[in-house]
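Have a look at the structure below, then the notes.
The values are calculated or read from the model by the stated rules, or taken from the named source; none is laboratory data. Computed from a predicted structure; not experimentally measured. Every residue, glycine as well, gets a Cβ built from its backbone with ideal geometry; the counts of neighbours run over all protein chains shown. Only protein heavy atoms, including side chains, enter the accessible area calculation; ligands, DNA and RNA are left aside. Shrake-Rupley method; radii C 1.70, N 1.55, O 1.52, S 1.80 Å.
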Amino acid sequence: FYPTPDALAEKMVSMLGALPGNALLEPSAGRGALASKLKGQVTCVEVDPLLCEVLRAKGLNVIKGDFIKWANDALAANTLYSGICMNPPFSLGRAYEHVIAASKLIEPNGVLVALVPEACSRKLKTQFPHLEVTQVEREEFPGVSIELTIVRLKNA
C-alpha cells in the first residue's frame, strides 16, 4: 500500500484538465489521496472495508468492491466518467489490468490519469499510441524503489 503523496496527487489531478462533465472516479481509492482533491461528483471504489470507512469519514461516495469486477459491471451498465484519477496496485501486473479496465469507463472527451510503473507505461503505449507519459522524479514519491510515470489518456 503506497498512498499518493499530497503534492503528486495535486499534480495528477491538475493533469485531468478541463473535463466534459463532473462525474469523477478514483479506483482502488485507498485513503482517498486523489479523490479528496477532485472537484465534482466523485465515486471511490475500494476493496478494503477499513479503508472504505476512512473514505466515508472524509465524506466521499464509496463503493466497496474489487475494482476489476466492479469495472466490468459498470461497463455493462454503461456507467462512464469524465475524469478518472488513479494510483492502482502495482504487484503482479495489476497496474496494467486496472488502467485497461478504467480506460473502458472514460466518456467521450474524458481523461484518465494514472500513476504506474515505467514498464507498465511502455506496455500501455503499445495499446494507446497517443498516451502521454510524464516521468515521476524520485523525490516526488519517497520510499518507492521503482521508476514511476504518470500516464494521461484522453478518449478523443
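7 Å from Cα along Cα→Cβ at both Lys104 and Lys123: what's the point-to-point distance in nm?
Placing both labels 7 Å beyond Cα along the Cβ direction yields 1.7 nm.
Suppose accessible area is computed on protein heavy atoms with a 1.4 Å probe; arrange Val111, Val133 from highest to lowest.
Val133, Val111
Over all directions, what mean area does the Cα convex hull of region 3-95 project, stated in square nanometres?
Directional mean of the projected Cα hull area for region 3-95 stands at 6.0 nm².
Can you compute the helix-only [θ] at 222 nm over the chain? Use -39500 (n - 2.57) per DSSP H run of at least 4 residues, normalise by all residues, nearest 500 deg cm²/dmol.
-9000 deg cm²/dmol, from helical runs alone.
Could you do me a favour and compute the accessible area per residue for region 1-150, 1.4 Å probe, result in Å²?
Per-residue accessible area for region 1-150 comes out at 49 Å².
For the chain, set up a GNM with springs between Cα atoms under 10 Å and report which of Pro20, Pro89, Pro129 has the largest fluctuation.
It is Pro129.
Given Cβ point charges of +1 (Lys, Arg) and -1 (Asp, Glu) and nothing else, what value in debye, to the nearest 20, does the dipole of region 1-109 about its Cα centre take?
140
What does the extension gain come out to for Asn78 and Gln41, with contour length at 0.36 nm per residue minus their alpha carbon separation?
11.6 nm
For Cys120, what accessible surface area do you get with a 1.4 Å probe? Give it in Å², rounded to 10.
Using a 1.4 Å probe on the heavy atoms, I get roughly 10 Å².
Computed from the coordinates I sent, Kirkwood radius over Cα pairs in Å equals one of (i) 17.4; (ii) 15.3; (iii) 15.9. Tell me the label.
(ii)
Using Cα springs under 10 Å in a Gaussian network model of the chain, which residue among Leu50, Leu38, Leu112 shows the largest mean-square fluctuation?
Comparing Leu50, Leu38, Leu112 in a Gaussian network model of the chain, the most mobile one is Leu50.
With a 1.4 Å probe and every protein chain kept in, tell me what percent of the accessible surface of region 47-146 is carbon plus sulfur. Numbers along the way, then the final one.
Numbers: 2930 of 5240 Å².
Carbon plus sulfur share of accessible area: 56 percent.
What FRET efficiency would be calculated for the residue pair Glu53, Tyr2, taking the C-beta separation as r and a Förster radius of 22 Å, to the nearest 0.05?
Working: r = 20 Å, r/R0 = 0.91.
The computed FRET efficiency comes out at 0.65.
Let me confirm the definition first: pairs of Lys residues in region 33-156, 8 or more apart or on different chains, C-alpha distance under 16 Å. How many are there? Write down the numbers at each step before the final one.
Working: Lys37/Lys58; Lys39/Lys58; Lys69/Lys104; Lys104/Lys125; Lys104/Lys154; Lys125/Lys154.
The number of close lysine pairs in region 33-156 is 6.
Over the heavy atoms of Asp66, what accessible area does a 1.4 Å probe trace out, to the nearest 10 Å²?
Approximately 80 Å² of Asp66 is accessible to the 1.4 Å probe.
Enumerate the calculated ³J(HN,Hα) couplings along region 36-52 in order (Karplus 6.51 cos²θ - 1.76 cosθ + 1.60, θ = phi - 60°), each rounded to whole Hz, writing x wherever the residue is Gly or Pro.
So the J values, rounded to whole Hz, are 5, 9, 7, 10, x, 8, 9, 10, 10, 10, 8, 8, 7, x, 5, 5, 4.
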